[in-house]
Every structure is written in structure tokens, then in C-alpha cells.
Amino acid sequence: MSGANKNAASPSFLSDKSAKVFVAGHRGLVGSAIVRKLQALGFTNLVLRTHAELDLTRQADVESFFAAEKPQFVILAAAKVGGIHANNTYPADFIAVNLQIQTNVIDAAYRFGVKKLLFLGSSCIYPKFAPQPIPENALLTGPLEPTNEWYAIAKIAGIKMCQAYRIQYSWDAISGMPTNLYGPHDNFHPENSHVLPALMRRFHEAKVKGAEEVVVWGTGSPLREFLHVDDLADGVVFMMDSYSGLEHVNVGSGKEVTIKELAELVKEVVGFEGRLVWDSTKPDGTPRKLMDSSKLAGLGWTPKISLKDGLVDTYSWYLENVKQ
Ligand SMILES: NC(=O)C1=CN([C@@H]2O[C@H](COP(=O)(O)OP(=O)(O)OC[C@H]3O[C@@H](n4cnc5c(N)ncnc54)[C@H](OP(=O)(O)O)[C@@H]3O)[C@@H](O)[C@H]2O)C=CC1
Ligand SMILES: C[C@H]1O[C@H](OP(=O)(O)OP(=O)(O)OC[C@H]2O[C@@H](n3cnc4c(=O)[nH]c(N)nc43)[C@H](O)[C@@H]2O)[C@@H](O)[C@@H](O)C1=O
């Protein structure tokens with residue numbers, strides 16, 4: 001149980017499609033996209049556990065799982081995730097659950113001989129007033145956005161844990177920092193979800209009911225960068241195969257829109273014809289968080305799906321899978 005891989009750079013991830021890959025959180029937005037991508041590439045030995053089958057906050061259960069299954073690769077997409085309201089309302093859950101899941105999985109993966117692990121953070125790790133676009137080295141250079149600082153602190157700890165294990169054990173743990181994501185299998189909860197699925201559902205329900213207006217939170221002025229989750233999954237596989245470094249890597253689309261522009265676009269895709277009403281009692285969150293993804297572009301990866309196409313795809317999935 002001590003050893004694990006001493007080589008910081010593993011053999012190519014894509015060279016062995018029969019390798020055992022544990023995708024943690026495979027029923028979520030990101031995990032399900034990664035599973036689709038790996039299956040499309042021909043991976044035949046994916047290890048998957050639902051939350052009910054394996055609670056990753058329970059250290060002993062996580063260790064028993066790794067001891068029994070001995071996966072060769074781990075992609076950690078299980079986490080406590082939510083939008084601005086959920087982050088603001090459940091700070092204890094966001095810090096504690098995320099610290100527990102990532103600490104248990106990263107440590108067990110190392111100790112039970114996993115060759116390579118990819119940890120997923122988020123663009124909220126960066127200071128609220130970071131330079132734009134935000135380079136990787138802006139980490140820990142200023143105060144965080146208060147609405148998500150608990151989640152951000154957990155994610156920063158995950159990055160640092162991967163770095164520490166790489167430094168001390170020469171173990172191949174890497175971290176990807178996605179921007180705001182969306183797509184099939186997103187969480188469409190009315191309050192706890194992120195803005196894009198929340199608005200898609202609200203516009204859809206308003207259209208069905210023939211409502212004249214839809215309430216949108218905040219002022220509409222914050223800027224956000226959105227990436228379709230299928231692009232993210234492609235980027236994750238690219239990093240598993242091509243990146244073995246100490247520093248975390250930004251994964252973004254490079255394109256930002258105001259929340260007002262996003263709301264107008266979602267309204268158009270859904271076909272709602274009424275008015276938008278802004279509820280300025282709700283928080284805006286960070287004013288802008290466009291990431292600098294030139295490091296990943298320099299390694300050879302760029303996204304492909306436009307926001308408009310991604311919205312059309314997501315709404316079509318919503319209509320088939322979510323609406324009552
Ligand atoms: N969505 C986004 O916009 C962004 C996401 N990310 C990151 O991507 C990763 C995945 O996020 P996303 O797919 O959106 O999140 P989801 O909420 O869609 O999925 C998270 C998954 O983790 C599982 N999970 C949660 N807690 C546990 C637990 N204790 N034990 C086992 N499984 C658990 C969930 O299962 P269950 O539902 O059954 O609890 C779910 O399948 C996270 O690390 C997140 O920080 C980064 C940037 C943006
Ligand atoms: C991915 C990222 O997600 C979270 O950060 P966020 O980007 O602020 O996330 P959000 O999608 O919830 O909001 C974006 C903007 O949109 C506005 N907004 C309008 N109307 C609705 C609405 O109906 N719901 C939501 N949620 N937001 C709305 C909202 O007021 C805000 O200005 C982090 O907590 C953290 O988890 C993280 O890493």
C-alpha cells in the first residue's frame with residue numbers, strides 16, 4: 001500500500017483503452033460527459049459508483065473501494081456543486097463535503113497505486129478582482145469573492161494537495177480549472193442551480209404557462225465565460241493524455257457574455273416572448289471571471305462548441321429528459 005507510481009509523467013492515457021479508469025461523480029454534469037467521451041473513444045473498463053453505492057466523504061469506504069478495485073487512472077468529478085445561492089446558503093456543506101471527498105480520493109488514489117489522477121477545481125479559485133483574462137499564476141494573489149469563498153478554499157486545497165503529492169512522492173496528480181459549465185445532465189433546480197440551467201427552466205415554464213415576465217437575479221451586468229461540458233470532457237481527456245505538470249491548468253472558452261446577454265440568448269432559444277424583470281436584491285457575485293486559457297491552447301487544445309449551439313443542444317436535452 002505504500003508505493004504508487006514514482007514517475008511524474010505516466011505513459012499515454014489514450015494508448016491503453018482497457019485501462020481501469022475510475023470516473024468519480026459519473027452521474028453529474030461533468031462526470032457523465034467524461035463517461036460519454038471515454039466510451040466514444042473505446043474505453044472498456046470504466047469503474048463507476050453512484051453516491052448511494054459509495055459515499056466519497058467516508059474515508060474507510062473510499063479506502064476499501066480503492067483496495068478492491070485498484071483503478072489505474074482517476075478523474076475526480078464528484079463534488080458538492082451549486083450556483084451562487086447554494087454557495088451562499090450552505091457554506092458548511094461546500095467547504096466540508098468538498099474537502100472530505102477530495103482528501104479521501106486523492107490520498108487513497110496515491111496509496112493504492114493509481115498512475116494518474118485529475119482533480120477538477122473551478123474558476124472561482126481566483127481573487128474577486130483578478131486581472132482579466134485570469135492567468136493561472138493569479139491564484140492566491142488577493143481576496144476571494146465572498147459568495148463562494150468556502151467552495152473556493154476547498155478547491156484551492158485540492159490543487160495544493162495534488163501539488164504536494166507530486167512534489168513529495170513524484171506522483172502524477174494534475175488539476176484542471178474549468179470555467180462556468182453547462183450541458184446535458186446539468187442541475188435544473190430553481191434556486192440551487194447555476195444561472196444557465198436556472199434560466200432555461202424558468203423561461204420554459206413561463207412559455208408553457210403563457211406568463212408575461214420572468215425574474216432574473218442581480219443586475220445583469222456581471223460577465224461570465226461559458227463552456228459546453230462536452231468541450232470540457234474533451235479537454236479533460238486531452239490533459240489526462242498530454243499534461244503532467246505542477247501548475248493547475250485553466251479550461252475555458254475564451255468568450256464572455258453579460259448575464260443580460262445570456263438571458264436574452266436563453267430566452268430566444270427557449271422561445272419565451274415576454275419581459276425580463278431584474279431582481280437586484282439577489283447577489284451579482286464576482287463582476288467578471290474570464291480565464292486565460294492560453295496555456296492549454298499552447299499544449300494543443302481548444303474548444304469547439306459555440307454558446308448558441310450549446311444552448312440549442314442543452315434545451316433539446318432538457319425537453320427530452322427534464323420537463324414535466
Ligand atoms: N458545473 C459547473 O459549472 C462547474 C463545475 N466544476 C467542477 O466540476 C466537477 C463536477 O461538477 P458538476 O458535474 O457540475 O456537479 P454535479 O453536481 O452535476 O455532479 C457532482 C457529482 O458528484 C456526486 N457526489 C456528490 N457528493 C458525493 C459523495 N459524497 N459521494 C459520492 N458522490 C458524490 C454527485 O452525486 P449525487 O448527485 O448523487 O450526490 C454527482 O454525481 C466539480 O468538481 C465542480 O467543482 C467546475 C467549474 C464549473
Ligand atoms: C461555476 C461557479 O458558479 C458560482 O458562481 P457564479 O458564476 O456567480 O454562478 P451562478 O451561475 O449561480 O450565477 C452567475 C450570475 O448569474 C446571475 N443569475 C441571474 N439569474 C440567476 C438564477 O436564476 N440563478 C443563478 N444561479 N444565478 C442567476 C447571478 O446573480 C450571478 O450574477 C460559484 O458559486 C461557484 O460554484 C462556481 O465556481
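The values are calculated or read from the model by the stated rules, or taken from the named source; none is laboratory data. Because the structure is a prediction, the values reported are computed rather than measured. FYI the Cβ positions are ideal-geometry reconstructions off the backbone, even for glycines, and counts take in every protein chain you see.
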Of the residues that make up segment 45-63, is at least one near ligand 1 (Cβ under 9 Å from one of its atoms), of a type in the set (G, A, S) and more than 25 Å from S253 (Cα to Cα)?
yes
Index of the failed condition, T103 passing every other in (1) within 16 Å of ligand 1 (Cβ to nearest atom); (2) of a type in the set (S, T, Y); (3) buried (at least 20 other Cβ atoms within 10 Å of the Cβ):
(3)
What's the number of the only condition in (1) in contact with a Gly (Cβ under 7 Å, 6 or more places away or on another chain); (2) small (G, A, S); (3) in a helix (DSSP H, G or I) that G113 fails to meet?
(3)
Scan segment 237-253 and tell me whether some residue there is more than 21 Å from D172 (Cα to Cα) and at pLDDT 95 or above.
yes
Out of the residues in segment 172-191 meeting the condition of being more than 14 Å from the chain's Cα centre (by Cα) and more than 8 Å from ligand 2 (Cβ to nearest atom), tell me which one is nearest to K323 (Cα to Cα).
F188
Options L199, L223, L227, L262: the member that is under 16 Å from L307 (Cβ atoms), within 12 Å of ligand 1 (Cβ to nearest atom), in contact (Cβ under 8 Å) with a residue 24 or more places away in the chain and of a type in the set (A, V, I, L, M, F, W, C)
L227
Kindly indicate the residue of segment 26-73 that is part of a loop (DSSP other than H, G, I, E, B) and aliphatic (A, V, I, L, M) and also surrounded by the fewest Cβ atoms within 10 Å (Cβ to Cβ) among those meeting that condition.
A52
Hey, among V208, V215, V236, V257, which residue is crowded, with 23+ Cβ neighbours inside 10 Å and β-branched (V, I, T)?
V236
Out of K6, K80, sole residue that is modelled with pLDDT of 95 or more and part of a loop (DSSP other than H, G, I, E, B)
K80
Residues that are within 25 Å of A263 (Cβ to Cβ) and either more than 7 Å from ligand 1 (Cβ to nearest atom) or part of a loop (DSSP other than H, G, I, E, B) (or both), drawn from segment 167-181:
T179
Kindly provide the set of residues from segment 126-156 that are under 22 Å from F238 (Cα atoms) and crowded, with 23+ Cβ neighbours inside 10 Å, ordered by number.
I134, K155
